[in-house]
Amino acid sequence: PMLRAAAQRLPVSSAPRRFLSLAMGDEPYALAKAITDGGLRRGFAVWDKEAGEVKVSHSNLNPLKKFLEEDTIDYNKHEAMFFEVGKNTGVLHGAYLANTTRGQGCGGIRLRSYRNVEEYVRDGVRLATGMGRKSALAGLWAGGGKGVIAEPPRVNIQDFDGTPWEDQFKQLNDRDLEGYLDTKDVITNRFYRNILFREYGDFLTSLRGCYVAAEDAGVTVTDVDVVFERSRYTTCISAEKGGSGNPSVPTAAGIVSAMEGALAELGMGDVKDKKIVIQGVGNVGRPLIGFLLEKGVGQIVAGDVNPDMIEMARREYQGISNVEILHTTTEEQCHELWKTKCDVLSPCAYGAVLNEETIPHINATVVCGAANNQLHDPHTHGELMEEKGLVYVPDFVANRMGIVNCANEQYGRVGSLDQLVDPAITRHLDPEYEEGVYQTTRRVLRKAKEDQISTSKAADILADEALQKPHPIWGHRSQEIIDRLVKEDWHLQAL
């Protein structure tokens, strides 16, 4: 009880108040308040095909229903979005499902902070769409899914001078709680994260397999292993547990294939002797540098706002003369990175970085990176890239190798994790494979040129065509699960 009492206070930034009305511009935990008002911990918004409208679990979510039905940018009759407020943490857990005709909704769990409810919902909706399209173009029998956890307001915990916090925490009493909340950042604490991801695992299990989770930004393999403790519907678990581990290295290899496909389509050869600018040197950006060096790249300029990532990258590539790693701490420094003249600009951090402010400053021939949802507005900014003469490789075309690496874990693996030898995976990196990254990139660029449309639009068309082909055995299975969850009042089963 004391653990629950302490943990439930973590995401609350002010004294409890009676919920009045949800607004999409409210801070993200207003959505959690809308769900918990009246004693509930779960909520949902699903597309009702028969009625032709969004159906929500309870009236407090009507503003969300209105927003989705009026949105013309990201929402496209997504099959479902499920929410649960953690019993022990009070954290807002979410699972988003787009088109699952080809199979279960598959995609990683993301943990990050959001400015408001709209940003939280849009991120989940767009990521689920992207995952569905990504899997379809890769020829995988998987639909679009994404897990999104809204990081709670930063809260501190007590520093016990090197003594394991979890052991000391068990001894805390009510008088100690204020000290617990006032000192050390809780979101990075392993004991707290175990509580958080066990909650997500229970939430995931309650969805009965319509969504299969994996690792994404802000989440580690250790976190996913904790989810796996409570749910079989998990991939990207550690090798020790029979999983495929961190997919970042195969993802980086796929980005190089996409770059070379784009350069070849433009008659520019491959990445040898080219200048590449990389935004973000995290889990994908760092190995990307290594793969490019193996290919004989001419020069690499990479930047990141995170000093820890910068230190790791500089240590790994110390003494390599044609690699420059910059700590871009200010907005001006970030803009200078975008302005760098190069052959390929590779966004490898968070999304929405290609917008009306950044696109005019880009001084590259090709834009091809690992970040999801790079276009702030897929429609207008895709066209703006085209107008400026920038050849954009849509993110879900280039960064498929993460989902390829883990999509079929249940069928076993050829070779160890430190070897890229499994033919089910390596074929996607083969320039001759018709559904591989290289050929798919060329096909998208060719269609854009022939139809005189943006590359983002061309990729959407090709992916959406593939999405209509049902799984040969389990077509529409996730939709059936969703329908049954709604019929059985899933939201009332966790009071």
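Let me know the charge dipole size of the range 330-466 about its Cα centre in debye, to the nearest 20, where only the beta-carbon of Lys, Arg (+1) and Asp, Glu (-1) is charged.
On the way: 12 positive and 23 negative charges, 70 e Å.
It works out to roughly 340 debye.
Which GluC sites (Glu not before Pro) in the range 223-271 sit in a loop by DSSP (not H, G, I, E or B) and have at most 15 other Cβ atoms within 10 Å of their own Cβ? Intermediate results must be reported in sequence, preceding the final value.
Details: sites: Glu229, Glu240, Glu260, Glu265; in loops: none.
Passing sites in the range 223-271 do not exist.
Starting from the 7 Å offset along Cα-to-Cβ, what nm value, one decimal, do you get for the label separation of Tyr411 and Ala264?
2.4 nm
How tilted is helix 248-265 with respect to the longest principal axis of the chain? Cα atoms for both, answer in degrees (0 to 90, nearest 10).
Approximately 40 degrees, to the nearest 10.
With a Förster radius of 30 Å, plug the Cβ-Cβ distance of Lys272 and Glu316 into 1/(1 + (r/R0)^6) and report the FRET value to the nearest 0.05.
Numbers: r = 22 Å, r/R0 = 0.72.
In this case the efficiency is close to 0.90.
Taking the Cα atoms only, what angle lies between the long axis of helix 221-230 and the longest principal axis of the chain, rounded to 10 degrees?
40 degrees
With r defined as the distance between the Cβ atoms of Ala239 and His476 and R0 fixed at 30 Å, what FRET efficiency is calculated, to the nearest 0.05?
On the way: r = 33 Å, r/R0 = 1.11.
So, using R0 = 30 Å, E works out to roughly 0.35.
How much accessible area per residue does the chain have, in Å², with a 1.4 Å probe?
Details: 21380 Å² over 495 residues.
Result: 43 Å² per residue.
According to the square roots a ≥ b ≥ c of the eigenvalues of the Cα gyration tensor, what is the shape class of the range 211-350, taking rounded for a/c under 1.5, prolate for a/b larger than b/c otherwise, and oblate for the remainder?
In terms of gyration-tensor shape, prolate.
Hey, which of these cross-link pairs are over 26 Å Cα-Cα: Lys295/Lys341; Lys146/Lys469; Lys49/Lys87? Intermediate values should be presented prior to the final figure.
Details: Lys295/Lys341 20 Å; Lys146/Lys469 21 Å; Lys49/Lys87 32 Å.
In this structure, Lys49/Lys87 exceed 26 Å between Cα atoms.
Among 142-148, 247-253, how do they line up from the highest to the lowest mean number of other beta-carbon atoms within 10 Å? List each step's numbers first, then the result.
Working: 142-148: 30.0, 247-253: 23.9.
Going by the mean number of other Cβ atoms within 10 Å, highest first, we get 142-148, 247-253.
Hey, what do the phi angles of the range 422-427 turn into as Karplus ³J(HN,Hα) couplings, whole Hz, using 6.51/-1.76/1.60 and θ = phi - 60°, x for Gly and Pro?
For the range 422-427, the Karplus curve yields 5, x, 5, 9, 5, 4 Hz.
Rounded to the nearest percent, how much of the accessible area of the chain (1.4 Å probe, protein heavy atoms only) is carbon and sulfur? Don't jump to the answer; show the numbers that get you there.
Working: 10150 of 21380 Å².
C and S atoms contribute 48 percent here.
So how long is each side of the range 319-392 along the principal axes, counting just the alpha-carbon atoms, biggest first, in Å?
So the three principal-axis extents are 42, 23, 21 Å.
Taking every pair of distinct Cα atoms and averaging 1/r, then inverting, what Kirkwood hydrodynamic radius in Å comes out for the chain?
Numbers: mean 1/r = 0.0428 Å⁻¹.
With all distinct Cα pairs of the chain included, I get 23.3 Å.
Once you sort the root eigenvalues of the Cα gyration tensor of the range 400-463 as a ≥ b ≥ c, which label holds: rounded (a/c under 1.5), prolate (a/b larger than b/c) or oblate (the other case)? It would help to have the intermediate numbers written out before the result.
Numbers: a/c = 3.89, a/b = 2.48, b/c = 1.57.
Because a/c hits 1.5 or more and a/b exceeds b/c, the range 400-463 counts as prolate.
Would you mind classifying the range 322-363 by shape? Square roots of the alpha carbon gyration tensor eigenvalues, ordered a ≥ b ≥ c; an a/c under 1.5 is rounded, otherwise it is prolate if a/b is larger than b/c and oblate if not.
On the way: a/c = 1.45, a/b = 1.24, b/c = 1.17.
Rounded.
Collect residues whose amide H, placed 1.01 Å from N in the peptide plane, falls under 5 Å from the amide H of Val367; neighbours closer than 5 in sequence don't count.
Excluding prolines and chain starts, which carry no amide H, the hits are Leu345, Val391, Tyr392, Val393.
The values are calculated or read from the model by the stated rules, or taken from the named source; none is laboratory data. Being a predicted model, the structure only gives us computed values, none of them experimental. Here Cβ is always computed from backbone atoms with ideal geometry, including for glycine, and neighbour counts include all displayed protein chains. Areas reflect the complete protein model, heavy atoms only, side chains present, ligands, DNA and RNA absent. Shrake-Rupley method; radii C 1.70, N 1.55, O 1.52, S 1.80 Å.
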